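To keep things clear, I will list the structure first and then write my remarks on it.
The values are calculated or read from the model by the stated rules, or taken from the named source; none is laboratory data. Just so you know, these numbers come straight off a predicted model, no measurement behind them. As a convention, Cβ positions derive from the backbone with ideal geometry for all residues, glycine included, and neighbour counts pool all protein chains shown. These accessible areas exclude ligands, DNA and RNA; they are computed on the full protein's heavy atoms, side chains included. Shrake-Rupley method; radii C 1.70, N 1.55, O 1.52, S 1.80 Å.
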Amino acid sequence: MPELPEVEALAGFLRERVVGHAVARVDVLAISALKTYDPPITSLGGLTVTGAARHGKFLDLDVDGVHLVIHLARAGWLRWRDEIPARPVRPGGKNPLALRVHLDDGSGFDLTEAGTKKGLAVYVVRDPADVPGVASLGPDPLDDAFTPEALGALLKGKRTQVKGLLRDQRVIAGIGNAYSDEVLHAAKMSPFKIASSLTDADVAVLHEAIVRTLRDAVERSRGLEAQDLKGEKKTGLRVHGRTGQKCPVCGDTIREVSFADSSLQYCPTCQTGGKPLADRRMSRLLK
């Protein structure tokens, strides 16, 4: 799933390629991906792209004051084309096309989504805040206002495991399953630690790990082509998706806890005092 660093890089990528160009037309091939009807998506035709921004994990193209807001969900992606093919789009395939944006110079981009579980969402709105997911976002962790004190206030009284809290977009915007694993590894903190139990010192460590992990990932992704961002994310991860491999910090074996539709990875030596976490739903640290 694209998270804050990848969406930030996509916004930068699109600023360089689409700002100043007019939208020739938009083809919607997966009607289920289009979540709004007013303004109609056809209203984008003939308007000029004036900006590209990010709100959490949402990508936002400003098209003369009308916003095309995109959430790529778990398996969606943006594929840039220097030249849009003239042939009609065929349905199906490994990465089915959901939407295609044609620009006035013949270039454009596709939104694709792999798998059978569809979550990619496209909104055409007058204000990004009209998108419910954007309106409910918590603070952006790369904003200067996201201080250790601000994080402490967000955690106060939360009887929630810190792993789940980091992924809650209403609490902190932009962090998903992969970077929450990376943040907690950097902070040397168990994913099952209860948020309200963190001391001021713990909060400071967690804050530093959040900001440093995300800023490092953003810097690694800066200037890359859209097609290279997935590979950069994968190679830059230290624990997420690396079950059975050696921890790059201590050399212990990275372990996994599996849930119904996701999993987390962690290092026992770095994060749980050498104790393994029970690999079952509703896991708790083994005593």
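Couple of notes before you dig in:
- Residues (closer than 27 Å to residue 273 by Cα and polar (S, T, N, Q)) located in segment 133-187: 160, 161, 177, 180
- Residue count for segment 115-153, restricted to those that are outside any helix (DSSP H, G or I), hydrophobic (A, V, I, L, M, F, W, C) and open to solvent by 30 Å² or more (accessible area, probe 1.4 Å): 3
- From the options 272, 243, residue that is farther than 27 Å from residue 132 by Cβ and without any contact (Cβ under 8 Å) to a residue 24 or more places away in the chain: 243
- So residue 182, is it under 29 Å from residue 243 (Cα atoms) and open to solvent by 50 Å² or more (accessible area, probe 1.4 Å): no
- The lone exception for residue 159 - which of (1) more than 18 Å from the chain's Cα centre (by Cα); (2) among the charged types (D, E, K, R); (3) closer than 22 Å to residue 1 by Cβ it fails: (3)
- Flag for residue 210 being within 18 Å of residue 249 (Cα to Cα), open to solvent by less than 20 Å² (accessible area, probe 1.4 Å) and of a type in the set (A, V, I, L, M, F, W, C): yes
- Top-ranked residue of segment 228-263 - restricted to ones that are more than 16 Å from the chain's Cα centre (by Cα) and not in a loop (DSSP other than H, G, I, E, B), ranked as surrounded by the fewest Cβ atoms within 10 Å (Cβ to Cβ): 235
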